[in-house]
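The values are calculated or read from the model by the stated rules, or taken from the named source; none is laboratory data. What you see is a predicted model, and the numbers here were worked out from it, not measured in a lab. All Cβ positions, even for glycine, are placed from backbone atoms using ideal geometry, and neighbour counts span all protein chains on display. Remember, those area values only see protein heavy atoms, side chains included, never the ligands or the DNA or RNA. Shrake-Rupley method; radii C 1.70, N 1.55, O 1.52, S 1.80 Å.
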Amino acid sequence: MRIQRIEQIEQYIIEHNTATLEELCEKFGISINTIRRDINELIKGGNIEKVYGGVRAALKKPGGYAGLISYSERHIKNQEMKNRIDRLAADCIQSGDSIFIDTGTTTSGMVDYLGEKENVTIITNSIEAAHKALAYPSLRLIVLPGILNHKTASLVGSGCIDYLYHFNIKKAFMACTCISLSSGGSNATHEEYEIKKEVLKNSREHYLLVDHTKFDQTSLCTYGHIQDFQCILTDQAPSQEYLDTFEKYGIDLKVCPPQP
């Protein structure tokens, strides 16, 4: 699939910093015309740029494209800010709810604030969320079967998608790599994109947890447009343009209380 190949090409360039077109053709077994088309698609995002003889990873600019950062790197970034969003999200859960907790360093932290909830069922493909749930015997945990993606600490693949159809999910708590008015909630990996799309189809209420650093950026795969979410939870109110859009679509914006 082309979108998956483009993702792999992008990751290869970022990991190696530079690459020639001939090198990429050989690595991915594609023609020079195909690699040129794929590179042109990546350049639109701003994460890759052309140089003499090939391409290189571009410095990230405000409003630019965000690629995949490893789970361990993301886990330590802005942790206090993410904790505040997690507490806000936990307040949206009532006893008896069946919820999906998405993969991500923000969403997985929700589990730590659910221990006193009664009769809550968590469905997840997040290894971190599942591990946290072990400390809270009152929580009912269902883990989607799949293949471990080490970089995102998640289970992925068709097994996850097929198993989702067994459940009626009341509330889905979703993460994203980036959010923008034009591209909605987007993600840097195709495998997780497929699961996120299916979760939105198979749940009644959609909550997006996103900190202020992710606004006005776009990543590789859009899995949900702004109007697909009923509630957006963040640590700082976004620009007026976002507020107007939220009002237009009846989206509830929840902002964390200021840090004491």
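Could you check how much of the accessible area of the range 90-245 is carbon and sulfur, as a whole percent, using a 1.4 Å probe?
On the way: 2920 of 6140 Å².
C and S atoms contribute 48 percent here.
Over 24 Å between Cα atoms: which of 170/214; 201/248; 44/82 fall into that group? Distance filter (> 24 Å) returns 170/214; 44/82. The peptide list 5-11, 248-254, put in order of mean Cβ contacts within 10 Å with the highest first, becomes 5-11, 248-254. Beta bridges assigned by DSSP with both partners in the range 90-174 are antiparallel in approximately 25 percent of cases.
Over all distinct Cα-Cα pairs of the chain, the Kirkwood formula returns a hydrodynamic radius of 19.1 Å. Taking Cα atoms only, the orientation of helix 79-90 departs from the longest principal axis of the chain by about 50 degrees.
Seen from every direction in turn and averaged, the convex hull around the alpha carbons of the range 211-260 projects onto 3.8 nm². Between helix 240-249 and the chain there is an angle of about 60 degrees, using the helix long axis and the longest principal axis of the Cα atoms. Under a Gaussian network description of the chain, with springs only between Cα atoms under 10 Å, the residue in 231, 92, 160 that fluctuates furthest is 92.
When DSSP beta bridges are restricted to pairs lying wholly in the chain, around 40% turn out antiparallel. For the chain, find the longest principal axis of its Cα atoms and tell me its angle to the long axis of helix 32-45, 0 to 90°, nearest 10. On a 0 to 90 degree scale, this one is about 50.
If you count only protein heavy atoms with a 1.4 Å probe, what accessible area per residue comes out for the range 159-260, rounded to a whole Å²? Before the final figure, lay out the partial values.
Details: 4460 Å² over 102 residues.
Per-residue value: 44 Å².
GNM, the chain, Cα, under 10 Å: largest mean-square fluctuation among 99, 30, 48? Of 99, 30, 48, the Gaussian network model singles out 30 as fluctuating most. Per the Cα gyration tensor, the range 116-226 maps to an equivalent ellipsoid with semi-axes of 23, 16, 14 Å, ordered largest to smallest.
Kirkwood's formula applied to the C-alpha pairs of the range 1-40 gives a hydrodynamic radius of 10.0 angstrom.
The heavy atoms of residue 16 offer some 90 square angstrom of accessible surface to a 1.4 angstrom probe. The figure for residue 222 is an accessible area of roughly 40 square angstrom, using a 1.4 Å probe on the protein chains alone.
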